[in-house]
Amino acid sequence: MFKGFTRFLQRPGERLKTLFGAQESSGPSTPTLRVIPRDQHDVSRRLFSDSALKVLYRLHNAGHEAYLVGGCVRDSLLGKIPKDFDIATDATPEEVRTLFRNSRIIGRRFRIVHVRFGREIIEVTTFRGRPDDDHDTKHAQQSDDGLLLRDNVWGTIEEDALRRDFTVNALYYNIADFSIHDWADGVHDLEARTLRLIGDPDVRYREDPVRMLRAVRFAAKLDFDIEPRTETPILELAPLLLQIPPARLFEEVLKLFLSGQALRTFELLREYGLFAMLFPEVEEAIAERTWAKPLIEQALINTDRRIQEERPVTPAFLYGALLWPGMRLRAERLEGDGMPPVPAQQTASQQSISRQQQHTSIPKRFSIPMREIWDLQQQLPKRRGKRAFQTLEHTRFRAAYDFLLLRESAGEIAPGLGDWWTAFQEGDDHEQARLISKTSGSPAGTSERPKRRRRRRRRNASSEHDNDGHQE
Ligand code: ATP
Ligand code: MG
């Protein structure tokens, strides 16, 4: 009866009646296993990567239980091609480790095994159980606020299912007979396009506040509704995200904005008060500058488009756009206090990045190119002599140029410079020379010339008249 499952997803009500009668979800506190045999669902092994199958079969042949779980089962049922594969097993990390030479155990808070095949990594997770008094803090640990500090108590598949976040993420594909095991009415919710936390939402968010971000990510990515009980506590509990280590939040933020639905994700994050917990300075800048939100939105629209077209996305550009309004606000304040524009932006960049790093870390491989894109914004107006050619040669020129167009389209700066650079890139030698000669007459703010002149005059004046006249 699950054959053609995906066809029915557009008409959930009708499908529900055929599947379960008209009854409501029984709720997750009373887990009942529903096994969907292979001939009643459409999930074929052909959807799974060879590496994932290899891991599943080797675990199975060694006498272990082995299931695909989480996003890959959920997405397969939705008719999407799964991209990454998570495996759940009763084998301990050490047992998994001995079965695969190409594997390593990672994580302390949550120990798992990564099995590597070239660039592909298969995550193998041992069934988690319910920690009880017999377990010392080496295996499981929870803060006074309910935050799970460590979760390494092994258990049964049933316990494992109930410790997962959403019902639609607790579907298991069994390699032993190709059936799907549904422990929390996940199929029901999948058909109703609903995200429902397993268990008491308040407790589950306190255990791991990142689940709030995951709710938003899946709602946006899958176009699902967040069910009211799951939705209600988020606004109040959003500040719990401040307890999460910045490195973990960085990873989550990348997933949030690289899901292909970054714009929708951004809207939902702001709606639920989560965005301000991740990017407080950006939220402030949005309130203070009318161009800030359009600039971020346009960057997210571009990101979504690139992902849809399967073109690469640079997180540096994305972070650059997100943090730019807050950084510019700081720079303007410093300029207001008398600091010249270039050092003001340098100082503001440092300050903005270090404040951001208290919330989400930004690895150097992203923060360095991001700053280059920012620095180039101050070079782009300077086009005389060899300057334009030097800027054009810069490895970040293209990103900086795109960034400039973004600023113009958001109304942060007047249009004009973007067109100039478009023409300059497309022009032949003659045209480029003509464009450069035209810049001498550019309006103030788009050419460095007037400033340079002033500086030269001052230097001359000070050397002619006295020796301590360092006025800048
Ligand atoms: P995708 O990989 O498409 O982003 P996913 O659901 O597979 O989505 P992963 O982060 O790969 O997400 O996690 C795999 C599975 O592990 C999830 O489906 C869920 O069952 C479980 N899981 C992940 N993070 C949590 C969490 N914070 N709390 C509870 N369960 C989680
Ligand atoms: Mg996954």
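The values are calculated or read from the model by the stated rules, or taken from the named source; none is laboratory data. All values derive from a computational prediction rather than experimental measurement. When we count neighbours, we look across all protein chains shown, and the Cβ atoms used for this are built from the backbone with ideal geometry, even at glycine. These accessible areas exclude ligands, DNA and RNA; they are computed on the full protein's heavy atoms, side chains included. Shrake-Rupley method; radii C 1.70, N 1.55, O 1.52, S 1.80 Å.
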* Does at least one position in segment 187-197 carry a residue that is within 16 Å of ligand 2 (Cβ to nearest atom), in the same structural domain as residue 46 (by TED's automatic domain parsing), small (Gly, Ala, Ser) and modelled with pLDDT of 95 or more? -> no
* Structure fact -> Listed by first then second residue, the pairs whose first member lies in segment 147-173 and is within 26 Å of residue 222 (Cβ to Cβ) and more than 9 Å from ligand 1 (Cβ to nearest atom), whose partner is open to solvent by less than 10 Å² (accessible area, probe 1.4 Å) and assigned to a helix (DSSP H, G or I), with beta carbons under 6 Å and at least 6 positions apart or on separate chains, are 167/186; 167/189; 173/73
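To keep it simple, each residue is scored yes or no on (1) open to solvent by 10 Å² or more (accessible area, probe 1.4 Å); (2) over 16 Å from the mean Cα position of the chain (by Cα).
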position	(1), (2)
306	yes, no
312	yes, no
339	yes, yes
347	yes, yes
352	no, yes
370	no, yes
* To do: Kindly indicate whether any position in segment 75-88 is of a type in the set (Val, Ile, Thr) and within 16 Å of ligand 2 (Cβ to nearest atom).
  => yes
* Which members of segment 72-107 meet the condition of being open to solvent by less than 50 Å² (accessible area, probe 1.4 Å), in a helix (DSSP H, G or I) and farther than 19 Å from residue 54 by Cβ? -> 74, 75, 77
* To do: Would you check if there is a residue in segment 194-202 being closer than 22 Å to residue 259 by Cβ, open to solvent by less than 60 Å² (accessible area, probe 1.4 Å), more than 13 Å from ligand 1 (Cβ to nearest atom) and not in a loop (DSSP other than H, G, I, E, B)?
  => yes
* Asked: Which condition number does residue 383 fail, the rest of (1) open to solvent by 20 Å² or more (accessible area, probe 1.4 Å); (2) over 30 Å from residue 213 (Cβ atoms); (3) assigned to a loop (DSSP other than H, G, I, E, B) being met?
  -> (1)
* Run down 162, 149, 171 and say which single residue is exposed (fewer than 15 other Cβ atoms within 10 Å of the Cβ) and not charged (D, E, K, R). => 149
* Please verify whether segment 130-143 includes one or more residues that are within 13 Å of ligand 2 (Cβ to nearest atom), closer than 23 Å to residue 212 by Cβ and open to solvent by 50 Å² or more (accessible area, probe 1.4 Å). => no
* To do: Might you let me know whether segment 176-192 holds any residue that is part of a helix (DSSP H, G or I), free of Cβ contacts under 8 Å to residues at least 60 places away in the same chain and away from ligand 1 (no atom under 12 Å from the Cβ)?
  => no
* Structure fact -> Checked 118, 107 against criteria (more than 15 Å from ligand 1 (Cβ to nearest atom) and over 18 Å from residue 169 (Cβ atoms)); the one match is 118
* Starting from segment 63-74, take each residue that is in the same structural domain as residue 170 (by TED's automatic domain parsing) and list its partners that are within 9 Å of ligand 2 (Cβ to nearest atom) and among the hydrophobic types (A, V, I, L, M, F, W, C), counting only C-beta distances under 8 angstrom and pairs at least six apart or across chains. => 68/85; 72/85
* To do: Of the conditions (1) within 16 Å of ligand 2 (Cβ to nearest atom); (2) open to solvent by 70 Å² or more (accessible area, probe 1.4 Å); (3) not basic (Lys, Arg), residue 68 clears all except one; give me its number.
  => (2)
* Residues within segment 246-275 that are more than 16 Å from ligand 2 (Cβ to nearest atom) and either of a type in the set (D, E, K, R) or in a helix (DSSP H, G or I) (or both), tallied -> 17
